[in-house]
Amino acid sequence: MKSGEKDASKRQKEAGMSENHFPGGVWPVMLAPFTEDGKIDYRALGELVEWYIKNGSSGLFAVCQSTEMFCLTLEERVGYASFVRKQAAGRVPVIASGHISDSFEEQAEEICAVADTGVDAVILITNRLAREKESDEVWLQALWRLLDAVPRDVKLGFYECPYPYKRVLSPELLRTCAKTGRFYFLKDTCCDIRLIEKKLEAIRGTNMKLYNANTATLLESLRLGAAGYSGVMANMQCSLYAALCADPCGEKMRDLADALTICALIERQVYPVNAKYYLQREGLPITTVTRTKDASLLDATAKSEVEMLRRVTGRLADLIR
């Protein structure tokens, strides 16, 4: 192992020196299977959970943007989170959000309702705590108020959700939050490796772990001490991301990371319709119905691109065996 790789391995170990027992690795941002008439398909969801676990997931992020949470009722969000926790049955931890409301009262209600499902952590959406033009001070005051309304034994995390606007947390703000000891998970979407490095330094030695959503910066972030990956491509190439997270200093991992970055351009296609089609072709009983996109937008050419991705995924799996 080269000296740089030894340093990367050391940083990874140091990043785990906290009371946070959430495993590093891949945490898929879960899809929501729907029936043809638009209802949550719990039979398909059960098989989807099994697919994630079979393909190397270390944990599951239920009720997030990929779950189309902004198009689910509170009852549906709670029902989804509860089902996934029970289906996982302790084999992997399950975290969930559903923190989508604007008013403080509704936010407190939905956070407590999701916590009551027994998930391992409830994830706060960073853009729900202040408007886009409001300061970090306003954001922090809203957070303190919300923390007072949530039982102290509920583990929490953050998700820098891009919708309706992306609010990326500064290293200073992260440090303040991490020092409370109440936060365990950060789904980072900044896509900036220098900023990620500063964030990792800010949370080092605390309960909080950083899971990168961006493939292009993933390998380097893992070598700097990021805990893993939590992004949309785990809905298609889950096992490959699991391999990358498990051995980021491995001999073939640079080639794998480069290939995955090019593959991830398919995110710009008709997501999450394309991910559902991919899983359908993998044999899962899942429709391409979504509440956010018209499934017909995945035309014949787009479907052929998904088929190409499946073939490339198979060749990459052979590469790292």
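Below are the figures for this structure:
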quantity: Condition met for Ala178 (closer than 24 Å to Leu72 by Cβ and either in contact (Cβ under 8 Å) with a residue 40 or more places away in the chain or not hydroxyl-bearing (Ser, Thr, Tyr) (or both)); calculated: no
quantity: Selection status of Lys209, more than 24 Å from Ile266 (Cα to Cα) and either at pLDDT 95 or above or over 13 Å from the mean Cα position of the chain (by Cα) (or both); calculated: yes
quantity: Qualifying residues in region 267-321 (those that are in a helix (DSSP H, G or I) and of a type in the set (Ser, Thr, Tyr)) - the one farthest from Ala242 (Cα to Cα); calculated: Ser296
quantity: Some residue of region 47-54 being buried (at least 20 other Cβ atoms within 10 Å of the Cβ), under 14 Å from the mean Cα position of the chain (by Cα) and assigned to a loop (DSSP other than H, G, I, E, B); calculated: no
quantity: Filter result for Glu68 (in contact (Cβ under 8 Å) with a residue 40 or more places away in the chain and of a type in the set (Asp, Glu)); calculated: yes
quantity: Residue check, Gln65 assigned to a helix (DSSP H, G or I) and among the polar types (S, T, N, Q); calculated: no
quantity: Scan of region 169-211 for residues that are in contact with a strand residue (DSSP E or B) (Cβ under 8 Å, 6 or more places away or on another chain) and acidic (Asp, Glu), ordered by number; calculated: Asp188
quantity: Leading residue by the ranking (surrounded by the fewest Cβ atoms within 10 Å (Cβ to Cβ)) among those in region 254-269 that are among the aliphatic types (A, V, I, L, M) and under 19 Å from the mean Cα position of the chain (by Cα); calculated: Leu265
quantity: Subset of region 72-91 that is out of contact with any strand residue (DSSP E or B) (no Cβ under 6 Å at 6 or more places or on another chain) and of a type in the set (Val, Ile, Thr) - its residue that is surrounded by the fewest Cβ atoms within 10 Å (Cβ to Cβ); calculated: Thr73
quantity: Breaking point among (1) surrounded by 22 or more Cβ atoms within 10 Å (Cβ to Cβ); (2) at pLDDT below 95, for Ala96; calculated: (2)
quantity: Single residue of region 110-119 satisfying the filter (part of a helix (DSSP H, G or I) and of a type in the set (A, V, I, L, M)) that is farthest from Ser82 (Cα to Cα); calculated: Ile111
quantity: Residue in region 27-46 that is surrounded by the most Cβ atoms within 10 Å (Cβ to Cβ), counting only those that are out of contact with any Ser or Thr (no Cβ under 6 Å at 6 or more places or on another chain) and of a type in the set (Val, Ile, Thr); calculated: Ile40
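The values are calculated or read from the model by the stated rules, or taken from the named source; none is laboratory data. Being a predicted model, the structure only gives us computed values, none of them experimental. Quick reminder, even Gly has a Cβ in these numbers, built from the backbone with ideal geometry, and neighbours come from all protein chains shown.
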